[in-house]
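The values are calculated or read from the model by the stated rules, or taken from the named source; none is laboratory data. Not measured: the values here are computed from a predicted model. As a convention, Cβ positions derive from the backbone with ideal geometry for all residues, glycine included, and neighbour counts pool all protein chains shown. Side chains are part of the model used for accessible areas, which takes the heavy atoms of the whole protein and leaves out ligands, DNA and RNA. Shrake-Rupley method; radii C 1.70, N 1.55, O 1.52, S 1.80 Å.
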Protein chains: 2
Amino acid sequence: MPPINRLATLAIVAAPLAACTAPPAADPLPSWSDATAKTNIVTFVEQTSDPAHDAFVPAEARIAVFDNDGTLWAEQPMYFQLAFAIDRVRAMAPDHPEWASEMPFAAILSGDAAALGALTEHDIVEIVTATHSGMTVDEFQATVADWLATARHPRFDVPFTSLVYQPMLELLDYLRANGFKTFIVSGGGIDFMRVFAEEVYGIPPEQVIGSMGKLAFETRADGPVLVKEPGIDFIDDKEGKPIAIARMIGRRPIAAFGNSDGDLAMLQYTAAGPGAQLMVYIHHDDAEREWAYDRESHIGRLDQGLNEAAERGWTVVSMQNDWRKVFAFE
Amino acid sequence: MPPINRLATLAIVAAPLAACTAPPAADPLPSWSDATAKTNIVTFVEQTSDPAHDAFVPAEARIAVFDNDGTLWAEQPMYFQLAFAIDRVRAMAPDHPEWASEMPFAAILSGDAAALGALTEHDIVEIVTATHSGMTVDEFQATVADWLATARHPRFDVPFTSLVYQPMLELLDYLRANGFKTFIVSGGGIDFMRVFAEEVYGIPPEQVIGSMGKLAFETRADGPVLVKEPGIDFIDDKEGKPIAIARMIGRRPIAAFGNSDGDLAMLQYTAAGPGAQLMVYIHHDDAEREWAYDRESHIGRLDQGLNEAAERGWTVVSMQNDWRKVFAFE
């Protein structure tokens, strides 16, 4: 066998072998600036996944939880799920002539921006109830999928799912590549988020936790269905987040990522565990590429959390300084 | 290079390659008799995991759900969690002198078997409330772990976790080896089952769904804790099972395993999905090795489910005929 053939033989044998071993290490977080936040994350991941390190955590306990709105994707000028609900009011209006004169529906249908901006929490509950109940879960999710495929964000004129943060996508992949199991723990609606979380974030439905409306099991002529009913079963915000984690994960996370005071209880609960932990706040301080808001914001207020992060040495990610890129389309 | 050396080189290269490929197939279900039930299961698994087959289901949708009591482990002469609660009443009695004269506690403490046998549903709720609330989730789970390590089953005189069904352990492994994700969906308490499900069944806490009591998030001097409070939040039985599946998995299972009418809605919901499905009832018809009970039983009644299984051609597993072995210790 001439040398060239021997090499060819080895190459054929070695090709599938190479597929079994890790490729040479490239920077897994290219959209992150080489600064403290990135160093904290990489150090934590390397130590907790290294069996020889004191901080090692077995793979099954490597649980990482992420808020969604403002942490994995943007949340301005309004929560994207509210934008969906408002578009649904418009789409459903022909079947509801009474809405033309009924608030808050009339405000939406008149296209009055000032009235829209003045929606109260009670208005929002009414809008969400009208648009998120009275259909099966499958029917609801089909309307969400349609909306995500067609609606455009008012500022960036791209689909809403294009407003996921590129550095956070890299972080999710990096954590999973190191044996972490990634979960969403968000105030957003669970049935809403599950429509896109698997495709956009690589997070399967069973790892998406959110707020939940009432559900009923009904047996219809064409079989059993689950119907979304009016009324809230669970709000996955503030103290609700650790409660939902205990209920739906059953294990304390070792890493938690949020951007608002609504995530503080989840970060505190994570911080109180044994062993190594990583608590991270995303700080919206980039008005140019995204938005700048924190202590005074109506949406995603970060006030107490910013104080506690400073006191306890948690990682605060400056969008402006820590992220080379915010959105993939930049 | 002489031929022998060339072969040695190839062997060295090929050794790690072999580790990447599946070992030759042995019978993955040795405790199952070669009869219809086993054939149905194996055919279903082979077809749904074969990309070339019409019935192929992508791995992420290969969701299998299992009832626990009577399906994965025994449930006689009483639910094992009730045996735990009764033992806890005895252990806690020194701190509750009033129980000596208060029903249903007095019945337990007197050791009166007739009174124990006559416990009503209301009594059981009282016993469970007294023993399953007023402590943190971590504290509760520590008492469960202690109990599982020391308590013995009255008939078999083995730890309760030895009363898991060997054929079902093989089935769980077989499904997972073929890309299925296995979940428990049980009327049992979620915090109770999570103590042993990972070690005994290989099912991690986040894939264990059960009934849930109320939880509170409290910040104590030594940090935040989750406290089990009196009161039931959710009963994971009958229609509750498909609702819990929608909430906690967010995907319709393609395989469902139960043993009682409490599992019927879960099997119906699974059967109504698109594509291939497998619905299986475990039929307790082996009084010698386990117990024989169905239509008239107080625990794990299987009546309507047996009718529907026959009408719809679901798989009914006869413990007596389909299982070569029931428990590993036999």
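Label-to-label distances for B:D173 across copies, nearest first, come out at 3.6 nm, using points 7 Å from Cα in the beta-carbon direction.
When the surface is traced with a 1.4 Å probe over the full set of protein chains, A:R90 keeps roughly 100 Å² accessible. With a 1.4 Å probe rolled over the protein heavy atoms of all chains, the accessible area of B:Y201, B:Y79 falls in the order B:Y79, B:Y201, largest first. Binning the alpha carbon pair distances of region A:81-139 at 10 angstrom intervals from zero yields the distribution 23, 61, 15, 1, expressed in whole percent. For the residue pairs B:K181/B:K241; A:K241/B:K241; A:K228/B:K38; A:K181/A:K241, the C-alpha atoms sit more than 26 angstrom apart in A:K228/B:K38. Indicate the gyration tensor shape class of region A:277-330 (rounded, prolate or oblate), computed on the Cα atoms with a ≥ b ≥ c the square roots of the eigenvalues: a/c under 1.5 is rounded; otherwise a/b larger than b/c is prolate and the rest oblate. Oblate shape, in that a/c is at least 1.5 and b/c is the bigger or equal ratio. What's the FRET efficiency of A:A292 with B:I235 using the Cβ-Cβ distance as r and R₀ = 60 Å, to the nearest 0.05? The computed FRET efficiency comes out at 0.80. For every other residue with a beta carbon closer than 12 angstrom to the beta carbon of B:E308, add +1 if it is Lys or Arg and -1 if Asp or Glu, then tell me the sum. My count for the surroundings of B:E308 gives -3. Starting from the Cα gyration tensor of region A:179-227, take the square roots of the eigenvalues, sort them a ≥ b ≥ c, and report rounded, prolate or oblate (rounded when a/c is under 1.5, otherwise prolate if a/b is larger than b/c, else oblate). Prolate. Note on B:E239: accessible area is roughly 90 Å² with a 1.4 Å probe, heavy atoms of protein only. Between A:E46 and A:A177, the modelled label-to-label distance comes to 1.4 nm, taking each label 7 Å out from Cα in the direction of the beta carbon. If only the Cβ of Lys and Arg carry +1 and only the Cβ of Asp and Glu carry -1, the dipole of the protein assembly as shown around its Cα centre is close to 1900 debye. All alpha carbon pair distances within chain A were sorted into 10 Å bins beginning at 0; the resulting P(r) in whole percents reads 5, 23, 31, 21, 12, 5, 2, 1, 0. Among the residues of A:269-281, the average count of other protein chain beta-carbon atoms within 10 Å of the residue beta-carbon is 1. When accessible surface is computed with a 1.4 Å probe, chains A and B are found to bury approximately 3600 Å² between them, both chains counted. On the beta carbon distance between A:R152 and A:I299, with R0 = 30 Å, the FRET formula returns roughly 0.95. On the beta carbon distance between B:D34 and B:D54, with R0 = 30 Å, the FRET formula returns roughly 0.75. Solvent-accessible area per residue in region A:81-139 equals 51 Å², computed with a 1.4 angstrom probe and all protein chains kept.
In this label model, A:D27 and B:E98 are separated by 6.6 nm, measuring between points 7 Å along each Cα→Cβ vector.
DSSP bridge analysis restricted to region B:104-229 gives an antiparallel fraction near 75%, rounded to the nearest 5.
When B:T150 is represented by a point 7 angstrom out along its Cα-to-C-beta vector, the spacings to that point in the other copies are 6.5 nm, nearest first. Normalised radius of gyration (Cα atoms, divided by 2.2 N^0.38 Å) for region A:29-187: 1.37. Would you tally the net charge around A:D123, using a Cβ to Cβ cut-off of less than 15 Å, leaving A:D123 out, and scoring K and R as +1, D and E as -1? Residues close to A:D123 contribute a combined charge of -3. Note on the protein assembly as shown: with neighbouring protein chains present and a 1.4 Å probe, carbon and sulfur make up 55 percent of its accessible heavy-atom surface.
Simple rule: put +1 on each Lys or Arg Cβ and -1 on each Asp or Glu Cβ in region B:205-270, find the dipole, and look at B:P205, B:I232, B:G250; the Cα lying farthest toward the positive end is B:G250. Highest mean packing first, where packing is the average number of other Cβ atoms within 10 Å per residue, the peptides A:27-35, A:64-72, A:270-278 line up as A:64-72, A:270-278, A:27-35. Label separation (A:R220 vs A:S318): 5.4 nm, computed from points 7 Å beyond Cα along the C-beta direction.
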